[in-house]
Amino acid sequence: MTIGICNDHTAVEYKVKLVAYLRRKGHEVVNFGTDSTDSCDYPDYAHQLGAALESGKVDAGIAMCGTGNGMAMCLNHYKGVRAGLAWTVPVAHVVKEHNNANVLVMPARFVSYRMVVSMTREWLTTGFAGGRHKRRIDKIEI
Ligand code: RB5
């Protein structure tokens, strides 16, 4: 699976370590985030990941900024993108099981790197439950 990753200045260290972790696990990773800790604007990076998801260049995404909210707000403008925010492992589980999130969004300023890895692993290994949850996500697009 090819995973696109994006981040702003608040999550550079986590992004660098997470990219290495994902590659060790055999994933292809495309980096759309900043590699500088200089203050920047999260939409500049979120839009690159959103476009790559919409065009099929990447299969799924991971996004991190301070709270995660800015990234999620940008990414959810793209067709077929369901970017879901997670801050604990159980939330990372249900964001895939119930919402079939194809982008995992995490708040770098409010979680440890250890938690980022645990949430990523949970999201990657959980399946979508379908059924009533499929009906619900089908109602999201307007
Ligand atoms: C940057 O200070 C912060 O606003 C950004 O990382 C993010 O939390 C926005 O949603």
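The values are calculated or read from the model by the stated rules, or taken from the named source; none is laboratory data. None of the values given here were measured: they were computed from a predicted structure. A quick note on method: Cβ atoms are made from the backbone with ideal geometry, for glycine too, and the neighbour counts reach across all protein chains shown. Accessible surface areas use protein heavy atoms only, side chains included; no ligands, DNA or RNA. Shrake-Rupley method; radii C 1.70, N 1.55, O 1.52, S 1.80 Å.
For the reader, a short list of remarks on this structure follows.
- Sites residue 21 and residue 128 - FRET efficiency at Förster radius 25 Å, r taken between beta-carbons, to 0.05: 0.60
- Dipole-positive endmost among 71, 18, 99 within the chain (Cβ charges, Cα centre): 99
- The packing ranking, built from the mean of other Cβ atoms within 10 Å per residue, places the peptides 130-142, 73-85, 95-107 in the order 95-107, 73-85, 130-142, highest first.
- Backbone amide hydrogens, once placed in the peptide plane, bring residue 101 within less than 5 Å of 96, excluding anything fewer than 5 places away on its chain.
- Percent carbon-and-sulfur accessible area, the chain, ignoring ligands, DNA and RNA, probe 1.4 Å: 51
- Around the Cα centre of the range 33-131, unit charges on the Cβ atoms of Lys, Arg, Asp and Glu (plus for the first two, minus for the last two) sum to a dipole of about 280 debye.
- Backbone N atoms of the range 15-35 closer than 19 Å to the 7 Å Cα→Cβ label point of residue 77 belong to residues 32-34.
- With all protein chains kept in place, the per residue accessible area of the chain amounts to 51 square angstrom at a probe of 1.4 angstrom.
- The listed peptides 7-16, 22-31, ordered by packing as a protection proxy, come out as 7-16, 22-31 (highest mean of other Cβ atoms within 10 Å first).
- Normalised alpha carbon radius of gyration of the range 37-142 [divisor 2.2 N^0.38 Å]: 1.03
- Given a 1.4 Å probe and the protein chains as shown, residue 93 ends up with an accessible area of around 60 Å².
- When peptides 53-65, 114-126 are ranked by their average number of other Cβ atoms within 10 Å per residue, the highest-first order is 53-65, 114-126.
- Spatially near lysine pairs across the chain, Cα under 18 Å, sequence gap of 8 or more or different chains: 8
- Relative contact order [Cα under 8 Å, 6+ residues apart], the chain, whole percent: 23
- Inter-label distance, residue 28 to residue 47: 2.6 nm, where each label sits 7 Å from its Cα along the C-beta direction.
- Computed magnitude of the charge dipole of the range 16-69 (debye, nearest 20; Cβ of K, R +1, Cβ of D, E -1): 380
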